[in-house]
Amino acid sequence: MICSISGEVPEEPVVSKSSGLLFEKRLIERHISDFGKCPVTGETLTLDDLVPIKTGKVVKPRPVQAASIPGMLGMFQNEWDALVLSAFASEQQLHTTRQELSHCLYQHDSACRVIARLKKELDEARTMLAHLERQAPMPASTAVAASSSALSNGKRAAEDDELGPDGKKIRQGISSAIITELTDCNAALSQQRKKRQVPPTLAPLDAIERYTQLSSYPLHKTNKAGILSIDVHQSKDIIVTGGIDTNAVVFNRSTGENISTLSGHSKKVTSVKFVGDGQMVVSGSADKTVRVWQQSENGEYGCKHVLKDHTAEVQAVTVHATNNYFVTASLDSSWCFYDLSSGTCLAQVEDTSESQGYTSAAFHPDGLILGTGTSGSVVKIWDVKSQANVARFDGHVGAVNAISFSENGYFLATAAQDGVKLWDLRKLRNFRTFSPYDENTPTQSVEFDHSGSYLAIGGSDIRVYQVASVKAEWNCIKTLPDLSGTGKINSVRFGPDAKYLAVGSMDRNLRLFGLPGEDGDMES
């Protein structure tokens, strides 16, 4: 029995009463609903004219290929050939994709090289332009206009400095009035220090032993992660951070809010410091400039001075205790002494004995001594009044990344590739060395707390030591892990009364470590 429409054996056969033809039920019913007549004879046909036929269940015969072993083998061979062809096409597509990816990576590498070359040419052009501007004579009218307006759009106006016989700018020097001011400040601070006692609010030893991470704040950009420098204002409890993303961020720890983002540098910010009551910030950058930021009435910080006296990366800034002067240290082997209010470089001191750049700097608590660390593993002590090098400490391996004076003024801590060295400033000798990490892990940060009771160092983790005397042992009382996962702690600073530690590493987050439940403890 064959269906007159499909030519196949029907599953539900029906017969037309009028013509006697056999149909598949579902096919003839659809044809009748569409046309109302027989598809073969053309006569009028209704559903009532169809008579169903009851038959046994039809079993479709196997295909010829599956009816014998050779046929099945042939069928399997065809399927295998199709699978192999599909795999070959996938391999060809993968090869083509790899070639396209390799071409894109080559183009990206070429573009990076072109960008680097263009940046180098731009820097050279800027250097030549600055050199020509210094050599070109300035018209009288222009000179009068420049002198009448020292500031323009928050930047210090270009100065027509006189050049000495060696082609370098002639600085006006540190005047006797400034030296008197520094000396008076030194006498006052020394007298106060003799009477000062450890504050009762200082975090006790057992509290520091229980420190853990309290919070983490993503203050900087993700694409250029890394916090290189931190400073904490002890009375206001605000924090400023300097990042690889070219920004500095002022942050209120108590509220957990970002007060202001200081944008203006073109390269990473290597050092940041608060001045006085925290309304001013000084920042140094790898773009060879120093910026002085002033807080406005709305709380935002605007750029007051842009200082361009260095010819290489500025690695450190440190503020004098008078809060009227500050020093910058650079890889150009010089340090500059500035007047804060005017942004004038009063003295630029170069050490011609060695071609080593400065990588760190800090004022002694009394303000008449300046300590600097060099890229050549040397620590130098300077007399600020005479700008003379009065002491030199050798013994480190690698660049001196950080230095810190103790609050009593007796000790100096320096950090380098080989760890931390402690120096007795009264006898000018090294009396203790910490080597907490392996030879491939430099110590990036070292810091005494404000009371001089604790010392924190940062490398692949954070370690806190209890400050003792020259002969007594300095015990490590707490080791905190690097929770950034980068293995590099760049900066560690104590909060007020050592109640917390502010830590910056090679990710974008500022991390605070302290005792859970203390005042100001907040969750991230």
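Arrange the residues Leu202, Leu132 by how much accessible surface each exposes, largest first, with a 1.4 angstrom probe.
In descending accessible area the options line up as Leu132, Leu202.
222 nm [θ] for the chain, helices only, -39500 (n - 2.57) per DSSP H run of 4+, per residue, to 500?
On the way: 5 runs with 112 residues, N = 524.
The helix-only estimate for the chain comes to -7500 deg cm²/dmol at 222 nm.
Accessible area per residue (1.4 Å probe, heavy atoms of protein chains only) ranks Ser6, Ser445 as Ser6, Ser445, with the largest value leading.
On the chain, 52 percent of the accessible area sits on carbon and sulfur atoms, based on a 1.4 Å probe. For Arg210, the solvent-accessible surface computed with a 1.4 Å probe is close to 140 Å², ligands and nucleic acids excluded.
The packing ranking of peptides 315-324, 464-473, highest mean first, is 315-324, 464-473, where packing means the average number of other beta carbon atoms within 10 angstrom of each residue. By the Stokes-Einstein formula, at 1.567 mPa s and 4 °C, segment 248-296 with its Kirkwood radius over alpha-carbon pairs has D equal to 114 µm²/s. When P(r) over Cα pairs in 20 Å bins from 0, in percent is calculated for this entry, the matching label among (1) 18, 39, 15, 7, 12, 9, 1; (2) 15, 37, 28, 14, 5, 1, 0; (3) 17, 40, 23, 14, 5, 1, 0 is (1). Among the aspartates and glutamates, which fall within straight-line cross-link reach of Lys54, defined as a Cα-Cα distance under 12 Å, with same-chain neighbours fewer than 8 residues apart omitted? Filter leaves Glu11, Glu12. Protein heavy-atom accessible surface, 1.4 Å probe, per residue over segment 13-60: 69 Å².
Using only alpha-carbon positions, what ratio does the radius of gyration of segment 13-60 give when scaled by 2.2 N^0.38 Å? Before the final figure, lay out each step's value.
Numbers: Rg = 11.0 Å, N = 48, 2.2 N^0.38 = 9.6 Å.
Ratio of Cα Rg to 2.2 N^0.38 Å: 1.14.
For Met72, the solvent-accessible surface computed with a 1.4 Å probe is close to 70 Å², ligands and nucleic acids excluded. Cross-link check: pairs Lys380/Lys488; Lys304/Lys427; Lys224/Lys308; Lys169/Lys421 evaluated at a Cα-Cα cut-off of 30 Å; pairs beyond the cut-off: Lys304/Lys427; Lys169/Lys421.
Using per-residue counts of other Cβ atoms within 10 Å, averaged over each peptide, order 333-341, 419-427 from highest down. Write down the numbers at each step before the final one.
Working: 333-341: 21.0, 419-427: 18.7.
Answer by packing, highest mean first, reads 333-341, 419-427.
About the Cα centre of the chain, how large is the charge dipole given +1 on each Lys and Arg Cβ and -1 on each Asp and Glu Cβ? Please answer in debye to the nearest 20.
Values: 53 positive and 61 negative charges, 117 e Å.
Using only the charged Cβ atoms, the result is roughly 560 debye.
Rolling a 1.4 Å probe over the protein heavy atoms leaves Lys488 with an accessible area of roughly 80 Å².
The values are calculated or read from the model by the stated rules, or taken from the named source; none is laboratory data. Keep in mind it's a predicted model, so treat the numbers as computed, not measured. Glycine gets a Cβ as well: all are built from the backbone with ideal geometry, and neighbour counts include every protein chain shown. Just so you know, the surface numbers come from the protein's heavy atoms only, side chains and all, with ligands and any DNA or RNA stripped out. Shrake-Rupley method; radii C 1.70, N 1.55, O 1.52, S 1.80 Å.
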